[in-house]
Structure formats: structure tokens, C-alpha cells
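S.K.: Just dropping this structure here.
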Protein chains: 2
Amino acid sequence: MSATQIVLNQDQTFKTYEKKFKALSDEIRLKVMYELNQRGQVCVCDLSDIIELPQSKLSYHLKILLDVELIKREKIGTWNYYSVNEKAVKLLLSEELRCLFYPGK
Amino acid sequence: MSATQIVLNQDQTFKTYEKKFKALSDEIRLKVMYELNQRGQVCVCDLSDIIELPQSKLSYHLKILLDVELIKREKIGTWNYYSVNEKAVKLLLSEELRCLFYPGK
DNA sequence: CAATTAAATCAAAAATAATTGATTAAAAGA
DNA sequence: TCTTTTAATCAATTATTTTTGATTTAATTG
């Protein structure tokens, strides 16, 4: 075993997946994933218009997706741009969900 | 369009996935999926011993997984045997999660 | 038929999560 | 510097889920 290898026990593994699935277990957050996937990089204020959600509510849901790394954030000036973390979603979801929630073939 | 085709709108689609991911967004239910996958068909009382959970609690969680058809139930005499619904899980989860939550190659 | 076992269901309580509106912080421009 | 804009965070409320123990239902066995 290499010195840097991290060994997770079963409970930690389940806890990790629990959080990721929990992040996806909400209509609003699935819609966010969908719109980010459709549009690439989107800032909070644009997304707020697209999904028609108050800013604080949207930030709350974005944080949940960000915490489990299903999305990424890039700050440019005053704006925060969000996008889908393709690698992470690909490791979690089936090919059938490609195009819906992560970038397609 | 064929007479029997069901057309789902986007909201219905998201709602459907919300429910499926919600079913998976719990440590106990992921452990249930894992054990059912390891053991094939298991009855509630055996599962109750394996996962060390009171019967009513386990039944509650089994119902949630059953409702979204991620698991199947077969009644034999007094016993209810549960197993993973391989097809449904395969349509939802990545190959990387095969062996953990649905039957392997 | 009475007793036992398996497992679903129910209602109340406890624990978590989501919503709301207000506040804060940080960047940009006048 | 003062004002505006972007977006995170906070605290209070509301809503949803989970847990618990008891009850119910159905099948099996003596």
C-alpha cells in the first residue's frame, strides 16, 4: 500500500454516497444540474433568472451541489460562474443520464 | 406517436429522478442495497439481523426503495424476500457503482 | 382453533432540510 | 469615497423525514 493511499471503510463509503445522492434528491437541484449542463458556465444572477428562484434560495442549493463536488465554481470579477463537474457526475450516474445531467457524447 | 407512448414533461422527469435519488440518499438504504446485492434474495427478518435494525425501521426503508422500484419483493409463505432490481439500478447508476449496489459483470 | 412468527402499518415524537427575508462582504465604477 | 451589484451567510420559521413502540394482518404450526 502506498503511503498516500486513503483507505475508506464501508461506513465512510456509504456516507459519501449518501451525501452525493442527497444532493441530487431535489427537483430544484436537478433543474440546476440540467441548466448548467445545457449552458456550460452560468453565473448565479443569470441562473436566478433562468430558474426563477430568489438569489438566497439558489445559493443554498448551489452550495449543496458544490459541497459534494457535483458542480464547480469559478470567480471572475464580481461574478461566480458555476458549471457541472463532468468527471464526478460520470463516476456516479449511468450513461442514460448523460445529456440530461452531464455533458453528452 | 404510438397510442401507448407516455410523454413526460421535464418537471415530471425531474420529479421521478428526485424520488429515485432520495431513495438512495440514506446510509441505511445504501447498506440495504449493498447487502441485497451481496446476498441475492433476503427476507426481512434475516436482513434485520444482518443490518441490526428493528423490524419496523427496516420495513420503512424497504418500502422507500420498493416504491421507486430499485428493489423487488417476492412473497413466499410467511416470508417476504427482497432483492435488487438490477435493470432499474443499471439505468440510474454508473458502472463504477456496479458490484457495490447492483450485480457485477 | 389457539399460539406463534413475519412483516406491514400507524401515530406521536424527534431530527433534518428547505424557505424566507435581512444582513454582510467583496468587487467595480462614478 | 460613496454607490451599486453580486452572491454568500444568518436566524427564524416551516416543511419533510426518520425513528420509535404499539398495533394489525396474514400465514404457519401444534
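The values are calculated or read from the model by the stated rules, or taken from the named source; none is laboratory data. Everything numeric in this text was worked out from a predicted model, so none of it was measured. For neighbour counting, all protein chains shown are included, and Cβ atoms are generated from backbone atoms with ideal geometry for every residue, glycine included. Keep in mind that these areas ignore ligands, DNA and RNA; they rest on the heavy atoms of the full protein, side chains included. Shrake-Rupley method; radii C 1.70, N 1.55, O 1.52, S 1.80 Å.
S.K.: Counting other C-beta atoms within 10 Å, and keeping those with at most 11, which DSSP coil GluC sites (Glu not before Pro) do you find in segment B:6-105?
M.R.: Passing both the DSSP loop test and the Cβ count: B:GLU52.
S.K.: A further question follows. Measuring nothing but label to label, 7 Å from Cα along Cα→Cβ, what are A:SER56's distances to the other copies in nm, shortest first?
M.R.: 3.9
S.K.: Only Cα pairs under 8 Å and at least 6 apart count here; give the relative contact order of segment B:28-97 as a rounded whole percent.
M.R.: With pairs under 8 Å counted, the relative contact order is 34 percent.
S.K.: Continuing with the same structure: How many partner chain Cβ atoms sit within 10 Å of a residue's Cβ in peptide B:48-57, on average, as a whole number?
M.R.: Per residue, the number of nearby Cβ atoms from other chains is 0 on average.
S.K.: Which of the pairs A:LYS15/B:LYS90; A:LYS19/B:LYS72; B:LYS19/B:LYS63 have their Cα atoms more than 18 Å apart in this structure?
M.R.: Over 18 Å apart, Cα to Cα: A:LYS15/B:LYS90; A:LYS19/B:LYS72.
S.K.: While we're on this one: To the nearest 0.05, how large is the calculated FRET efficiency for B:ILE50 and A:LEU91 if R₀ is 22 Å and r is the Cβ-Cβ distance?
M.R.: 0.20
S.K.: If N is the number of residues in segment A:10-97, what value comes out of its Cα radius of gyration divided by 2.2 N^0.38 Å?
M.R.: In units of the 2.2 N^0.38 Å rule of thumb, it is 1.08.
S.K.: Which distances, shortest first and in nm, link B:GLY40 to the matching position in the other copies, using label points set 7 Å out along Cα to C-beta?
M.R.: Those separations, rounded to one decimal, come out as 5.2 nm.
S.K.: Counting only protein heavy atoms and a 1.4 Å probe, tell me what percentage of the protein assembly as shown's accessible area is made up of carbon and sulfur.
M.R.: The nonpolar share, carbon plus sulfur, comes to 50 percent.
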